[in-house]
Amino acid sequence: MTAPVCLISGVGPGTGSALARRFAEGGYGVALLARNEERLAALEKQLPNAKGYRCDVSDPGQVEAVASAVERDLGNPEVVIHNAVGGAFGTFREIDPQILNRNFQVNTMGLLYLARRFASAMVSAGKGAIIATGNTSALRGKPGFAGFAPSKAAQRILGEAIARELGPQGVHVAYVVVDAVIDLEWTRKRYPERPDDFFIKPRAIADEIWHVVHQDRSAWSFNVELRPFGESW
C-alpha cells in the first residue's frame, strides 16, 4: 500500500519542522517546501520518508513546478498544510507598503495557489485536508501589526470560503490560529524573563494539526484556536 502524502509549506525550525516529523512518524510521505535549501537537506537526512523542494509559494510558477515534482516523486498529496508566513512589525504610518503586499502574496495568495493546485485531485478521491496555520493577527488588528494582520485576516476568510465549497465534496479545510508565542530560539531571546509555560511548543501545535486532519467526517472543525493555559484572551 502506498503511503499517503502530506505537503507542508514554510518548513522552518519551529512549527514546519515539527509538522514534518509528526506526519512522517504517522506514516506519511512528506513533501517539504521552503526557500532554505540547507534546512531542507538537513530534514531529509533525519526523515527518510521526506523530500525537500525549494519553493517560494508566492510565485504561482514555482508552486506549479514543485507540485508536479511532488506528484511525480511521492504521489498526490492527501494533506496540504500552508505554514509559510510573511510577517512584519510596524504601524500603518511606519511600514513600507510593499512589505504588506509581500506578506499578502505569501500568506493569502500562497494559500490560494496551493488550494487551487491540489483541490481537484482531493475532490476526485473523495477525501483530503487543507490546513492553514494562522495566528492572533487573523482575528484582530493591533497598531504594530498593520503590515501583517490584514494579510492573515484575508487568509482566514479565504480559507473559510474554500472550506464552504470543498467540505460538501469530502475535503476538510481548517484554519488553526496559534494565539501564542511559539517556543523558538529567537522568541526565547526576545522574551528572556518569560517562564516555559508562556510559550507554545511546536510539537504541541503539530499534534493538534494531526488531530484536526484526522477528525471524523461527522465532526469537522474549521476555526481551531490554540493557546497556553495561562494566555490572557
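We did not get these values from a lab; they are worked out from the coordinates using the rules stated. Bear in mind the structure is a predicted one, so any value in this text is a computation, not a measurement. So basically every Cβ, Gly included, is an ideal-geometry build from the backbone, and we count neighbours across all protein chains shown.
Of Lys51/Lys189; Lys51/Lys201; Lys51/Lys152; Lys45/Lys152; Lys152/Lys201; Lys45/Lys201, which sit over 26 Å apart, Cα to Cα?
Working: Lys51/Lys189 31 Å; Lys51/Lys201 24 Å; Lys51/Lys152 28 Å; Lys45/Lys152 33 Å; Lys152/Lys201 21 Å; Lys45/Lys201 23 Å.
Result: Lys51/Lys189; Lys51/Lys152; Lys45/Lys152 exceed 26 Å.
Ordered by residue, what ³J(HN,Hα) values in Hz, to whole numbers, does the range 129-142 give under the Karplus form 6.51 cos²θ - 1.76 cosθ + 1.60, where θ = phi - 60° and Gly and Pro are x?
8, 10, 10, 10, 8, x, 8, 4, 5, 6, 10, 7, x, 9
How would you order 173-185, 204-216 from highest to lowest mean count of nearby Cβ atoms within 10 Å? Walk me through the numbers before you get to the answer.
Working: 173-185: 20.2, 204-216: 16.9.
Packing order, densest peptide first, comes out as 173-185, 204-216.
Using per-residue counts of other Cβ atoms within 10 Å, averaged over each peptide, order 64-71, 17-24 from highest down. Can you show the working numbers first?
Numbers: 64-71: 17.1, 17-24: 23.5.
Packing proxy ranking, top to bottom: 17-24, 64-71.
Measuring from label point to label point, each 7 Å out along Cα→Cβ, what is the Phe92 to Tyr191 span in nm?
Result for the modelled spin labels: 2.7 nm.
Within the chain, which DSSP H helices have Cα atoms that stretch 20 Å or more along the helix axis and a mean Kyte-Doolittle hydropathy of at least 1.6?
Working: long enough: 110-125 (23 Å, 0.95); 149-166 (25 Å, -0.03).
Correct list, ordered by number: empty.
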